Amino acid sequence: MTAVPSRRLVAAAGALAAGSLAVLVLPGAWPVLLCANLALALAAAADLVVTPRPSALGASREVPGRVAAREEHRVALRVRNASRVRLRVRVRDGAPEGLSGGDAEHGGPVAARGEAVWEYAAVPAARGRFEWGPISLRYHSVLGLWERGREVPAGGELRVYPSLAALERYHLLARSDRLAAMGVRRVRARGGSTDFESLREYAPGDDVRQLDWMATARRGLLIVRNREAERNQTVLLLVDCGRLMTAVEGGASKLDHAVDAALLLAHVALARGDRVGLCTFSGRVHSWLVPRGTAAQGKLIADALFDLRADLTESDHGRCLRFLASRYPKRSLLVVLTDFVDATTGAAMVAHVGLAARRHVVLFAALKDAFLEAAARAVPATELAAFRKAAAVDLLRDRREVLERIRRAGGVVVDAEPGAITPPVINGYLGVMFGGLL
């Protein structure tokens, strides 16, 4: 950037220009005015010469290693001054669009041959892959008569992952045995697919058939046997990213809510010892991860989901299920996170889900449409509102019929608001595993 006059220089030149009008009244004042103009010109030239070049300034950006959507993170801008002159610098980051707080300007002195650091709070609005821009630097000359600057190339990729708040809350509540606070029920083990795990003190609601009388007699307290469902099962997450998943609910799309639920369920299943795989689809299959039970699988699933975008094609559940049949025919728990409109569009979906349920256990999680729910409950004040209500009631009736058909075909059905889909999905998973259904 070439040097541009500062406000101080412009003000001084303006004052001298105004003073030149005095020559019309006092012609003898022109030598004084000439000297003043020459002095200002010499001072400006000298100031430009002694001021360090823009290349004397460098800048870098320090970003947290893992950035989550809708959570606050600290970003640091480090400015280095290689010159022998103390400079007063203004800095602005080239933050990606949608990163709130990244457009603010920071400023202050940077010591000679020193550095200064400015931090700002950044909150990514959405998950995905974004690009950083250059860091803009501006500084005043030694006398403050000029302003110079440069743009420091500081590009790079910013990966914004889904919010980790739900996962952190799950861990916190799990450690204190209070998962019911987030809607996760305690599921009693049934059938022969459970193994002895440990002993613990009896709690209200426990099955009295699991009392260990010998341990009770030794300790003088009611002791029950903890049993766990058979591990090393396979869970396949099927995440729909078709047209209907673009609908926004509570500031986030249905797909965002589905991704949050899939990540938390993957974490729970992997921690329990199950294998987890992933398939994302719309009108085509977007990605496929072979089920594995390793610790690295959670990161692979997060990397596959963090920048998943919904498109405007109609979702083809049949294509996805046929793809799975060819790639992984082993009996598994299929967790389908999706949505549909009516019985007509859902007919083919029901047929394919019913066919898959013959081999697998299908957990069908449908994300409700808040607009339809509100329209069906509204009291119409106009004829148009009455038609809107009637259409919404018909669509919701069709929805219930489709979900009932999936239940009759052997599927486990979850129907919940997008923002509340995670707890019932986890409950459904636990019910399948501890119920010996798989």
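The values are calculated or read from the model by the stated rules, or taken from the named source; none is laboratory data. The structure displayed is predicted, hence computed values, not measured ones. So basically every Cβ, Gly included, is an ideal-geometry build from the backbone, and we count neighbours across all protein chains shown. The area values use the complete protein model at the heavy-atom level, side chains included, leaving out ligands, DNA and RNA. Shrake-Rupley method; radii C 1.70, N 1.55, O 1.52, S 1.80 Å.
Would you mind getting the accessible area per residue of the chain, heavy atoms of the protein chains only, 1.4 Å probe, in Å²?
Value for the chain: 51 Å² per residue.
Compute the angle between helix 254-272 and the longest alpha-carbon principal axis of the chain, please, reported from 0 to 90 degrees and rounded to the nearest 10.
Once rounded, one gets 60 degrees.
Hey, rough spin-label estimate for residue 371 and residue 106, points 7 angstrom out along Cα→Cβ, what's it come to in nanometres?
The modelled label-to-label distance comes out at 4.1 nm.
Leaving out ligands, DNA and RNA, and with a 1.4 Å probe, what % of the accessible surface on the chain is carbon or sulfur?
Carbon and sulfur: 58 percent of the exposed surface of the chain.
Label points 7 Å out from Cα along the Cβ direction at residue 344 and residue 82: separation in nm?
6.9
Would you please classify the overall shape of the chain from the alpha carbon gyration tensor, given that a ≥ b ≥ c denote the square roots of the eigenvalues, rounded means a/c under 1.5, and beyond that prolate means a/b larger than b/c while oblate covers the rest?
Prolate shape, in that a/c is at least 1.5 and a/b is the bigger ratio.
Given the chain, what percent of its DSSP beta bridges are antiparallel, to the nearest 5?
Here the antiparallel bridges make up roughly 70 percent for the chain.
Tell me the angle of helix 30-50 to the major Cα principal axis of the chain, expressed in degrees between 0 and 90 and rounded to the nearest ten.
40
So how much slack lies between residue 290 and residue 32, counting 0.36 nm per residue of separation and subtracting their Cα-Cα distance, in nm?
Between residue 290 and residue 32, full extension yields 84.3 nm more.
With everything on Cα atoms, drop me the angle between helix 343-356 and the longest principal axis of the chain, reported from 0 to 90° to the nearest 10.
Value to nearest ten degrees: 60.
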